[in-house]
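Worksheet: the structure to be examined is printed underneath.
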Ligand SMILES: [Zn+2]
Ligand SMILES: [Zn+2]
């Protein structure tokens, strides 16, 4: 989905709105088994300001399933993302010094909304999926799901959250 920005500047309208869906098969996640439950819907609103700048407000709704990082159970995540930014001609490198916060780049009066959305989805997804804050995970010894049952290994008796805490105590 490419937005031709000349249609904005040639129009007397100050507001433009696009809605659509992103084809999830185009989304590639290295090392992650993410499945989108439905299509990813977007709404992009463009506001032409009096000084000629264009502000964009983007809303994304998506639901996806990914195995829990601890116990591998398929877990559904719902993400509603809202972003806003000012469109600016050039690339990230051109505007490095201005700080990239809230800048949305385009070249030659064309803004690739589809690419932008795909990148934002990648950036916005949490690093991990956890089925439950208290998920006990799988036993590192025998693979038993410790949420459902126990096993006779010793390793798993340390709560993963306590393992993190251990770092703060000097080893004797
Ligand atoms: Zn889990
Ligand atoms: Zn075990």
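The values are calculated or read from the model by the stated rules, or taken from the named source; none is laboratory data. Just so it is clear, the model here is predicted, and its values are computed rather than measured. Note that we place each Cβ from the backbone using ideal geometry, even for glycine, and neighbour counts take in every protein chain shown.
What number of residues within the stretch 79-109 satisfy the criterion of being under 20 Å from residue 42 (Cβ atoms) and assigned to a strand (DSSP E or B)?
The first filter runs over the stretch 79-109 and keeps only residues under 20 Å from residue 42 (Cβ atoms), leaving 79-87, 102-106.
If we keep only those that are assigned to a strand (DSSP E or B) too, we end up with 79-87, 103-106.
Total satisfying the criteria: 13.
From 76, 55, 41, grab the single residue that is in contact with a strand residue (DSSP E or B) (Cβ under 6 Å, 6 or more places away or on another chain), farther than 22 Å from residue 115 by Cβ and outside any loop (DSSP other than H, G, I, E, B).
Every option except 76 fails the conditions.
Could you check the stretch 1-38 and list, in sequence order, the residues that are farther than 27 Å from residue 55 by Cβ and part of a strand (DSSP E or B)?
Once the filter is applied, which keeps residues that are farther than 27 Å from residue 55 by Cβ and part of a strand (DSSP E or B), the stretch 1-38 yields 35, 36.
Do we find a residue being closer than 20 Å to residue 31 by Cα, at pLDDT 90 or above and within 16 Å of ligand 1 (Cβ to nearest atom) anywhere in the stretch 102-124?
No, that holds for no residue.
Here are the criteria: (1) at pLDDT 90 or above; (2) within 16 Å of ligand 2 (Cβ to nearest atom); (3) in contact with a helix residue (DSSP H, G or I) (Cβ under 6 Å, 6 or more places away or on another chain). Tell me which single one residue 141 does not satisfy.
Only one criterion is unmet by residue 141, namely (1).
Which ones in the stretch 88-109 are surrounded by fewer than 13 Cβ atoms within 10 Å (Cβ to Cβ) and closer than 20 Å to residue 18 by Cβ?
102, 107, 108
Okay, residues lined up against (1) buried (at least 17 other Cβ atoms within 10 Å of the Cβ); (2) within 16 Å of ligand 2 (Cβ to nearest atom); (3) part of a loop (DSSP other than H, G, I, E, B):
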{"residue": "111", "(1), (2), (3)": "yes, no, no"}
{"residue": "120", "(1), (2), (3)": "yes, no, no"}
{"residue": "131", "(1), (2), (3)": "yes, no, yes"}
{"residue": "151", "(1), (2), (3)": "no, yes, yes"}
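When residues of the stretch 60-118 are filtered for being at positive phi and free of Cβ contacts under 8 Å to residues at least 24 places away in the same chain, how many remain?
Matching residues across the stretch 60-118 total 4.
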